[in-house]
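To keep things clear, I will list the structure first and then write my remarks on it.
Derivation of every value follows stated rules applied to the coordinates shown; laboratory data play no part. The shown structure was predicted, so the numbers you read here are calculated from the model rather than taken from an experiment. All Cβ positions, glycine included, derive from the backbone under ideal geometry; neighbour counts span all protein chains shown.
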């Protein structure tokens with residue numbers, strides 16, 4: 001089994017899976033929403049990683065969304081390794097954007113990422129609060145689903161598994177209310193905003209609590225499956241290979 005981690009894949013994960021959870025954070029957590037209220041106009045933060053991923057997120061009073069062409073604050077990173085160290089809190093980016101951009105980074109962007117970090121890596125005290133625990137599980141599940149897409153498209157081992165997946169859609173469910181939709185076309189994975197017809201396969205957690213316990217390592221997936229708290233149905237090659245990609249994604253997320 002391939003165990004070496006590719007820094008460029010980690011950079012894609014940090015951009016698309018970790019920072020990609022900021023829009024949901026702003027929806028779920030009032031503390032994060034309040035940081036956006038003073039914004040008089042939209043601000044787009046553009047992430048530029050030399051030899052790695054490029055992307056952008058736009059922030060305004062109504063929330064956060066990917067992309068955008070508002071007044072830009074650019075964050076430059078000399079390499080994927082530099083970007084990953086910044087996300088881990090071990091280095092600083094090179095900001096471009098003048099005083100207004102620096103104010104946005106220090107007053108809005110950095111505090112938002114600090115709140116996100118607390119929800120993605122919660123402490124025991126935080127998890128005693130049932131509201132925090134549910135919000136944390138929702139955010140971590142979103143990260144995992146996005147990580148499946150990144151690893152299936154970018155990682156060497158993930159691409160090998162994706163090459164075995166037939167075209168179709170797989171849904172990841174947590175209870176009856178929370179679903180994420182993965183589409184596979186020509187062995188490329190995409191996270192869909194909403195469903196389009198019935199899925200070809202389903203990976204289902206019995207409830208959000210189970211999803212949170214599995215994602216935090218409190219409960220092993222094997223144990224949950226034996227207890228009937230994780231179920232799979234549909235096209236076996238799709239479920240089996242998405243599970244393999246999930247295992248590979250866990251190596252990156254648990255580093």
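Between residue 72 and residue 243, what FRET efficiency comes out of the Förster formula 1/(1 + (r/R0)^6) with R0 = 45 Å and r the beta carbon distance, rounded to 0.05?
Details: r = 40 Å, r/R0 = 0.88.
Plugging the Cβ-Cβ distance into 1/(1 + (r/R0)^6) gives 0.70.
What do you get when you divide the Cα radius of gyration of the chain by 2.2 N^0.38 Å, with N the number of residues?
Working: Rg = 18.3 Å, N = 255, 2.2 N^0.38 = 18.1 Å.
So the Cα radius of gyration is 1.01 times the expected 2.2 N^0.38 Å.
Among DSSP beta bridges whose residues both lie in the chain, state the antiparallel percentage, nearest 5. Kindly include the intermediate steps, with their values, before the conclusion.
Working: 30 of 42 bridges.
In the chain, approximately 70 percent of DSSP beta bridges are antiparallel ones.
Compute the acute angle (0 to 90°) between the alpha-carbon long axis of helix 130-154 and the principal axis of greatest extent of the alpha-carbon atoms of the chain; round to the nearest 10°.
Orientation of helix 130-154: about 80 degrees from the principal axis.
Taking neighbour Cβ counts within 10 Å as the exposure measure, how do 161, 10, 226 sort from fewest upward?
Details: 161 22, 10 25, 226 10.
With the sparsest Cβ surroundings first, the list reads 226, 161, 10.
At 0.36 nm per residue, minus the direct Cα-Cα distance, what do residue 107 and residue 50 gain on full extension? Give it in nm, one decimal, please.
Working: separation 57, 0.36 × 57 = 20.52 nm, distance 2.60 nm.
The residue 107-residue 50 span can extend by a further 17.9 nm.
Once both labels are modelled 7 Å past Cα along the beta-carbon direction, what's the residue 236-residue 190 spacing in nm?
Label at residue 236, label at residue 190, 2.9 nm between them.
How much length, in nm to one decimal, is gained on full extension between residue 61 and residue 127, taken as 0.36 nm per residue of separation minus their Cα-Cα distance?
Values: separation 66, 0.36 × 66 = 23.76 nm, distance 2.86 nm.
Net length gain for the segment: 20.9 nm.
Using the Kirkwood formula over every pair of different C-alpha atoms, what hydrodynamic radius in Å results for the range 7-120? Display every interim value, and only then the final one.
Values: mean 1/r = 0.0714 Å⁻¹.
It is 14.0 Å.
Kindly rank 127-134, 74-81, 27-34, 146-153 from highest to lowest mean number of other beta carbons found within 10 Å of each residue.
Numbers: 127-134: 13.0, 74-81: 18.0, 27-34: 14.9, 146-153: 25.8.
Output ranking for 127-134, 74-81, 27-34, 146-153: 146-153, 74-81, 27-34, 127-134.
Stick to Cα atoms and the Kirkwood definition of Rh, then tell me Rg/Rh for the range 56-167. Spell out each step's value before the answer.
Numbers: Rg = 17.1 Å, Rh = 16.8 Å.
My calculation puts Rg/Rh at 1.02.
What fraction of the DSSP beta bridges in the range 45-116 is antiparallel, stated in percent and rounded to the nearest 5? Spell out each step's value before the answer.
Details: 11 of 16 bridges.
Approximately 70 percent, going by the DSSP bridge assignments.
Please report the equivalent ellipsoid semi-axes of the range 132-253, computed as sqrt(5 x eigenvalue) of the Cα gyration tensor, largest first, in whole Å.
21, 16, 14
Taking the chain as the reference, fit the longest principal axis to its C-alpha atoms, fit the long axis of helix 236-253 to the helix C-alpha atoms, and give the angle between the two in degrees, 0 to 90, nearest 10.
40
How high is the relative contact order of the chain? Use alpha-carbon pairs under 8 Å, at least six apart in sequence, and give a whole percent.
On the way: 426 pairs, mean separation 41.8, N = 255.
In percent, rounded to a whole number, it is 16.
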